[in-house]
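The next block holds one structure in the form of structure tokens; read it before the comments.
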Amino acid sequence: MSTPSSLGRGRAARRGAGKPAFAERRADVVAAAAAVFARSGYARTTLADVAAELGIDRASIYHYVGSKQELFEDVVGGTVARNAERAEAIAAGPGTPAQKLRDLVAEMMSSYVDSYPFLYVYLQEDLRTVPPERADWAQHMRAVNKRYENAVVAIVAAGMADGTFVARGEPYMVAAGVIGMVSWTYRWFDPTTSPRSAGDIARTYADVLVLGLQQG
């Protein structure tokens with residue numbers, strides 16, 4: 001009887017072969033995992049739950065994925081990459097720095113809701129202390145995080161350069177505060193139970209940030 005580890009080796013071999021059918025089915029597994037994570041939370045989810053979502057047995061999951069952590073990384077990786085792309089588009093697109101900052105905050109909160117709770121779980125990850133087997137993933141995610149950070153810095157710097165924002169420190173420090181302010185909602189915001197919507201939070205935070213920066 002095949003063990004998870006031997007099935008994992010077979011899965012890796014099939015992935016290396018690049019078979020379209022395998023890639024499509026694995027995408028189904030990742031999508032199912034995202035749905036279960038969102039419904040039950042990462043900690044409570046098992047691979048058996050993901051298999052049940054797909055209507056297959058647990059052993060079959062190992063043909064496509066080696067662990068729950070691997071699934072989590074796939075689900076989160078796509079979301080974080082899309083967030084970076086969206087932030088870059090906002091920074092490079094039309095509009096004033098103030099409007100761009102408002103749009104960015106709204107996008108951040110919307111993403112947290114759409115990917116709840118696994119993006120919040122990711123926010124708590126220390127990418128500097130992951131085990132060796134996850135080092136490549138961590139390095140890639142640090143690069144994606146940097147892209148997002150750079151987009152926020154660009155918006156803040158543009159506002160300081162054109163006088164929209166009153167300069168109070170380096171753009172990086174302000175950008176880090178923007179990201180941290182919204183990210184900290186993981187400590188208290190649950191979109192399934194909160195009386196405050198993500199839109200309400202985004203508008204309040206955007207007012208605090210934009211009006212504060214404009215008035216110095």
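For this structure, a couple of remarks:
- Put simply, when 58-69, 158-169 are sorted by average Cβ atoms within 10 angstrom per residue, most first, you get 58-69, 158-169.
- Theoretical FRET efficiency, 1/(1+(r/R0)^6), r = Cβ-Cβ of Glu88 and Thr204, R0 25 Å, to 0.05: 0.50
- Segments 99-106, 196-203 sorted - mean Cβ within 10 Å per residue, highest first: 99-106, 196-203
- Taken along the Cα-to-beta-carbon direction at a fixed 7 Å, the label points for Asp57 and Arg39 span 2.2 nm.
- Span-rule helices in the chain, defined as complete DSSP H runs reaching 27 Å or more along the axis (Cα) with Kyte mean at least -0.5: 20-40, 68-92, 135-161
- Under a model in which nothing but the beta-carbon of Lys, Arg (+1) and Asp, Glu (-1) is charged, the chain shows a dipole of about 440 debye around its Cα centre.
- Euclidean distance of C-alpha centroids, the range 154-173 and the range 51-99, integer Å: 31
- Overall form of the range 73-215 per C-alpha gyration tensor (a/c, 1.5; a/b vs b/c): oblate
- In the chain, the calculated helix contribution to ellipticity at 222 nm averages -23500 deg cm²/dmol per residue, counting -39,500 (n - 2.57) for every DSSP H run with n ≥ 4.
Every number in this text was worked out from the coordinates using simple rules, so none of it is lab data. Here the structure is a predicted model, which is why all the values come from computation and not from measurement. We place every Cβ from the backbone using ideal geometry, glycine too, and count neighbours over all the protein chains shown.
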